[in-house]
Amino acid sequence: MITVIGSLNIDLVTSVDRYPKLGETLLGSNFQTKYGGKGANQAVAAARLGGTVRMVGCVGSDSYGDDYRSYLQNEGVLVDNVEPVTHTSTGTASITIAEGDNSIIVVPGANFALTPEVIEAKKDAIANSKVILLQLEIPMETVEKVLEIASEHKVITILNPAPFQPIPAHWWNMITYITPNEHEAAMLMESPDFKEEYKEKIIMTNGSKGVVFYQDSKEQLIPAPKVEVVDTTGAGDTFNGAFAYFLHEGKGLDEACRYAVRAASLSVTKFGAQGGMPTLEELKSFMDQN
Ligand code: ATP
Ligand code: RIB
């Protein structure tokens with residue numbers, strides 16, 4: 001079982017030719033509402049590949065929350081631990097796509113109702129998982145609580161440190177792998193708490209360049225295949241979900257990264273965070289062609 005503990009957002013995606021200047025109004029070319037949130041994106045990425053995936057998170061008791069639960073269920077994700085909360089709305093992400101990139105403002109809403117107390121009640125779900133996948137769109141103290149339970153039960157933990165916040169020094173021993181992008185990796189390694197020995201836990205995604213990890217103190221690069229980019233939103237999430245899936249299936253670090261990098265590259269060829277996440281068959285046929 002892969003358990004993803006994290007956010008569920010509704011993505012409000014506007015496409016425009018260029019970013020507006022401060023105070024300027026522009027006419028955009030397209031607007032779409034999509035399912036997103038780093039937690040749910042990663043859960044869908046792993047489930048599409050065929051993983052048994054449980055999502056733990058909170059949505060608002062609004063129509064967005066109800067729709068999201070049904071949608072996840074259709075994607076094959078177990079949603080018994082996705083809880084509707086009454087006092088706040090489902091998380092949202094206002095995304096602008098322009099100039100070949102994106103910018104995102106997240107309003108966490110119900111995602112911040114996922115407190116350590118809620119996690120305490122779900123201890124067994126964490127303890128009986130093989131892999132736990134976490135991001136930083138839920139409260140830091142909740143992430144810490146999950147890490148404590150998981151490490152006590154020797155469950156593999158993958159932390160995607162996004163959106164970036166400094167990682168407390170005492171977390172490192174509870175993390176099996178940490179998956180920053182290039183910018184997050186630089187901030188992690190600049191921290192005064194960072195020790196050289198932690199490098200072997202780092203799997204750094206690096207956009208079109210691929211992924212870098214460290215083995216026996218040596219840097220290994222797995223290049224990304226060249227693809228026609230439509231939308232890079234959720235590329236990192238696809239990598240994380242796929243990486244968790246292949247580790248869960250017993251693949252070694254190198255092989256899990258090789259599959260995950262290709263799944264992520266395939267995902268950027270379609271619109272929306274989850275739009276291009278491949279099934280196992282799609283991934284295999286892409287790999288045969290590349
Ligand atoms: P996001 O925050 O947009 O989800 P990220 O910054 O977390 O992304 P990246 O390092 O940009 O993650 O990308 C993750 C993976 O996605 C890369 O390792 C690569 O496999 C794939 N990828 C991203 N951009 C491209 C691209 N332009 N061409 C091919 N593959 C890409
Ligand atoms: O990583 C992409 C995700 O970040 C989007 O789906 C958005 O919801 C934000 O959380």
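Since every read-out is calculated from the coordinates, none of them should be taken as a lab result. Predicted model, so just to flag it, every value in this text is computed and none were measured. Positions of Cβ are generated from backbone atoms using ideal geometry, with glycine treated the same way; all protein chains shown enter the neighbour counts.
The table for this structure:
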{"item": "For segment 226-234, Karplus couplings with θ = phi - 60° (6.51, -1.76, 1.60), whole Hz, Gly/Pro x", "result": "6, 9, 8, 7, 9, 7, 8, 4, x"}
{"item": "Cleavage-rule hits (trypsin sites (Lys or Arg not before Pro)) in segment 3-58: DSSP loop, at most 16 neighbouring Cβ within 10 angstrom", "result": "ARG18, LYS21"}
{"item": "Contour excess over end-to-end distance, with Cα ends at LYS270 and SER15 and 0.36 nm allotted per residue", "result": "90.4 nm"}
{"item": "Debye intensity ratio in log₁₀ form over the Cα atoms of segment 1-136, taken at each q of 0.10, 0.13 Å⁻¹", "result": "-0.36, -0.58"}
{"item": "Volume per residue that the Cα convex hull of segment 25-101 spans, once the total is divided by residue count, Å³", "result": "118 Å³"}
{"item": "Magnitude of the charge dipole, the chain, Cβ model with Lys/Arg +1 and Asp/Glu -1, debye to 20", "result": "440 debye"}
{"item": "At 1.306 mPa s and 10 °C, Stokes diffusion of segment 207-247 via Kirkwood alpha-carbon radius, µm² per second", "result": "135 µm²/s"}
{"item": "Of LYS130/LYS199; LYS154/LYS209; LYS226/LYS284; LYS123/LYS195, pairs whose Cα-Cα distance is over 26 Å", "result": "LYS154/LYS209; LYS123/LYS195"}
{"item": "Cα convex hull of segment 113-258, projected area averaged across orientations, nm²", "result": "9.1 nm²"}
{"item": "Compactness of segment 165-240 as Cα Rg over 2.2 N^0.38 Å, two decimals", "result": "1.17"}
{"item": "Footprinting exposure proxy for LYS195, LYS251 (fewest neighbouring C-beta atoms within 10 Å first)", "result": "LYS195, LYS251"}
{"item": "Within the chain, percent of DSSP bridges classed antiparallel, to nearest 5", "result": "40 percent"}
{"item": "Among beta bridges that DSSP assigns inside segment 148-290, antiparallel share in %, nearest 5", "result": "65 percent"}
{"item": "Fluctuation leader among ILE119, ILE95, ILE105 - the chain, Gaussian network, Cα springs under 10 angstrom", "result": "ILE105"}
{"item": "Scattering curve values for the chain, log₁₀ I(q)/I(0), Debye with Cα scatterers, q = 0.07, 0.14 Å⁻¹", "result": "-0.24, -1.00"}
{"item": "Highest-fluctuation residue, MET55, MET140, MET189 considered, GNM on the chain with Cα pairs under 10 Å", "result": "MET189"}
{"item": "Globularity ratio of segment 124-168, using Cα Rg and 2.2 N^0.38 Å", "result": "1.10"}
{"item": "Neighbour-count ranking [beta-carbon atoms within 10 angstrom, fewest first] of LEU26, LEU283, LEU253, LEU8", "result": "LEU26, LEU253, LEU283, LEU8"}
